Ligand code: SF4
């Protein structure tokens with residue numbers, strides 16, 4: 001790969017100082033997760049707590065960001081306060097474009113501000129602004145205020161946290177431009193620990209898009225495949241929420257804390273039902289012609305005798321699974337009430353929903369009583385769940401303070417580990433498809449279904465008998481996704497950005513990278529992450545699998561603990 005200079009903006013919150021680094025050596029890491037991993041490895045201190053002021057947050061975009069279709073994401077790397085290990089997350093909307101037009105490929109934030117602060121970043125530098133008056137405000141409340149405080153100068157992107165981040169809920173998220181998030185693994189708590197309420201990035205420079213023959217040809221080829229083939233159709237059509245009915249029909253939709261893979265009320269909360277009854281708008285990240293962000297209208301009474309309010313809320317498969325089927329919610333209203341609450345408080349919807357599933361079962365089994373919980377709670381009981389969510393952020397007792405550290409921490413202290421649906425201390429995603437899904441979540445760098453697509457490996461290996469092939473597929477997929485995440489493509493477009501297309505697109509902007517070099521880079525990032533994860537305390541020998549995974553038949557049939565152990569042994573032999 002040819003040499004390139006990467007411009008890094010380093011922000012020290014403690015001293016209110018910045019530095020600009022022009023790093024030639026970082027070019028070999030291409031962009032996105034490559035650069036962010038490398039910078040994090042240089043600056044993080046594994047001996048310090050995830051919420052220590054010194055721990056860095058690294059944001060990075062890629063060389064193709066927003067100049068090719070559906071290349072829209074920004075990578076964030078940090079030490080996760082939920083797991084204590086590797087923290088990695090991605091978000092879209094306008095952030096990648098704003099960073100590009102502000103002129104930074106990477107932004108590193110470390111230190112702790114003396115008082116609540118928000119950052120206003122532009123091509124001219126950084127302003128440290130007092131956010132004391134904004135501290136305590138919910139995500140929706142602060143959004144409109146920030147838009148007034150920071151008038152638009154070019155493309156503007158707004159990152160903000162809610163009360164969950166301020167109060168160190170270990171699964172607090174960072175909201176990005178209202179409808180996207182750095183959702184998983186607790187980046188919001190890291191912001192809160194730094195007294196950082198928000199970051200506004202002004203993309204205030206112009207940048208010419210390449211206009212060579214080769215660029216235009218490659219661009220049009222990709223664009224045509226995005227808009228004129230059915231590769232991306234599902235995402236724009238019903239959206240990822242189409243998976244609710246599809247998985248349910250196959251018995252792979254986690255339901256009522258994974259007591260079942262089938263939800264008898266799935267039809268009510270399916271993507272098709274939301275589209276027919278609630279959908280008001282579809283939105284897109286900057287640089288994406290697809291528009292998969294589905295917005296529902298949630299109209300409800302303020303209270304008895306009062307008028308109505310209407311809220312626009314985004315929904316997708318993961319939200320409907322975590323706050324719907326997983327909690328046995330039988331109506332769209334109940335799911336939207338819960339989505340609204342996690343959005344306003346600023347917490348990750350998947351972790352919140354799966355932790356709630358554990359709470360309901362722990363309450364039923366008598367581990368936690370009503371006096372501690374402050375409410376009764378049950379499946380299909382949105383009022384009880386709303387109460388629990390509020391108490392996580394404003395904890396009235398030590399039980400809730402523990403629950404704010406996630407389901408694994410709560411089960412460790414109070415019991416119920418067999419039905420705390422976490423892998424690697426991270427709450428499961430919305431698929432119960434087979435052994436590859438469970439192993440993939442347990443070993444993936446961020447314990448996400450997006451690391452290695454175990455759910456897809458299962459569906460391609462319905463017999464579940466070629467264990468070596470399944471394990472190798474997980475590893476190969478994770479390495480290739482490292483390459484896509486260097487570019488920061490939206491992973492929904494992974495069918496568009498195959499290896500040849502990535503090589504052509506990079507060549508079109510003057511980066512000569514062969515397929516072999518890209519594969520080597522994916523492997524190098526995989527190893528760097530593994531090395532860092534190990535330093536942060538992750539070990540394949542410490543993995544445990546909650547019994548519930550083996551009690552409830554999956555889409556490919558019942559799962560077997562011995563089979564999973566064999567797969568884990570194969571995985572260990574490959575690493
Ligand atoms: S497909 Fe959806 S998430 Fe992906 S870039 Fe487009 S709008 Fe954003």
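The values are calculated or read from the model by the stated rules, or taken from the named source; none is laboratory data. What you see is a predicted model; the values in this text were computed from it and never measured. Positions of Cβ are backbone-derived with ideal geometry, glycine not excepted, and every protein chain shown enters the neighbour counts.
Tabulated data for the structure shown
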{"quantity": "Filtered residue count, region 502-516, keeping only those that are touching a residue at least 40 places away in the same chain (Cβ under 8 Å) and away from the ligand (no atom under 16 Å from the Cβ)", "calculated": "9"}
{"quantity": "Selection status of residue 526, in contact with a strand residue (DSSP E or B) (Cβ under 8 Å, 6 or more places away or on another chain), modelled with pLDDT of 95 or more and away from the ligand (no atom under 16 Å from the Cβ)", "calculated": "no"}
{"quantity": "Matching residues, region 485-495, being surrounded by fewer than 23 Cβ atoms within 10 Å (Cβ to Cβ) and either away from the ligand (no atom under 12 Å from the Cβ) or within 15 Å of residue 287 (Cα to Cα) (or both)", "calculated": "491, 492"}
{"quantity": "Residue in region 454-467 that is under 26 Å from residue 318 (Cβ atoms), within 16 Å of the ligand (Cβ to nearest atom), free of Cβ contacts under 8 Å to residues at least 24 places away in the same chain and under 21 Å from the mean Cα position of the chain (by Cα) present", "calculated": "no"}
{"quantity": "Lone qualifier among 291, 303 - being within 16 Å of the ligand (Cβ to nearest atom), part of a loop (DSSP other than H, G, I, E, B) and in the same structural domain as residue 351 (by TED's automatic domain parsing)", "calculated": "291"}
{"quantity": "Residues within region 66-95 that are farther than 17 Å from residue 481 by Cβ, within 16 Å of the ligand (Cβ to nearest atom) and touching a strand residue (DSSP E or B) at 6+ places or on another chain (Cβ under 7 Å), tallied", "calculated": "3"}
{"quantity": "Enumeration of residues in region 222-253 that are more than 14 Å from the ligand (Cβ to nearest atom) and touching a residue at least 60 places away in the same chain (Cβ under 8 Å)", "calculated": "243, 244, 247, 248, 250, 251, 252, 253"}
{"quantity": "Filter result for residue 20 (in the same structural domain as residue 168 (by TED's automatic domain parsing) and either farther than 27 Å from residue 293 by Cβ or more than 16 Å from the ligand (Cβ to nearest atom) (or both))", "calculated": "yes"}
{"quantity": "Residues satisfying the stated conditions in region 128-159, i.e. at pLDDT 95 or above, part of a loop (DSSP other than H, G, I, E, B), in contact with a helix residue (DSSP H, G or I) (Cβ under 7 Å, 6 or more places away or on another chain) and under 18 Å from residue 176 (Cβ atoms)", "calculated": "138"}
{"quantity": "Filter result (in a loop (DSSP other than H, G, I, E, B), touching a residue at least 24 places away in the same chain (Cβ under 8 Å), within 16 Å of the ligand (Cβ to nearest atom) and out of contact with any helix residue (DSSP H, G or I) (no Cβ under 6 Å at 6 or more places or on another chain)) within region 260-288", "calculated": "285, 287, 288"}
{"quantity": "Residue check, residue 257 assigned to a helix (DSSP H, G or I) and within 17 Å of residue 430 (Cα to Cα)", "calculated": "no"}
{"quantity": "Unmet requirement for residue 339, which otherwise passes all of (1) away from the ligand (no atom under 16 Å from the Cβ); (2) under 30 Å from residue 559 (Cα atoms)", "calculated": "(2)"}
{"quantity": "Unmet criterion (only one of (1) over 21 Å from residue 222 (Cβ atoms); (2) more than 16 Å from the ligand (Cβ to nearest atom); (3) in contact (Cβ under 8 Å) with a residue 40 or more places away in the chain) for residue 63", "calculated": "(1)"}
{"quantity": "Residue list for region 160-193, restricted to those being assigned to a loop (DSSP other than H, G, I, E, B) and surrounded by fewer than 24 Cβ atoms within 10 Å (Cβ to Cβ)", "calculated": "167, 168, 177, 178, 179"}
{"quantity": "Residue 70 outside any helix (DSSP H, G or I) and touching a helix residue (DSSP H, G or I) at 6+ places or on another chain (Cβ under 7 Å)", "calculated": "yes"}
{"quantity": "Flag for residue 402 being in contact (Cβ under 8 Å) with a residue 60 or more places away in the chain and either over 17 Å from residue 33 (Cα atoms) or part of a loop (DSSP other than H, G, I, E, B) (or both)", "calculated": "no"}
{"quantity": "Selection status of residue 99, on the phi > 0 side of the Ramachandran plot and within 16 Å of the ligand (Cβ to nearest atom)", "calculated": "no"}
{"quantity": "Selected residue (only one of 348, 316 is within 23 Å of residue 392 (Cβ to Cβ) and within 16 Å of the ligand (Cβ to nearest atom))", "calculated": "316"}
{"quantity": "Count - residues of region 492-535 that are in contact with a helix residue (DSSP H, G or I) (Cβ under 9 Å, 6 or more places away or on another chain) and part of a loop (DSSP other than H, G, I, E, B)", "calculated": "9"}
{"quantity": "Total residues in region 110-127, condition farther than 26 Å from residue 207 by Cα, more than 23 Å from the chain's Cα centre (by Cα) and not in a loop (DSSP other than H, G, I, E, B)", "calculated": "1"}
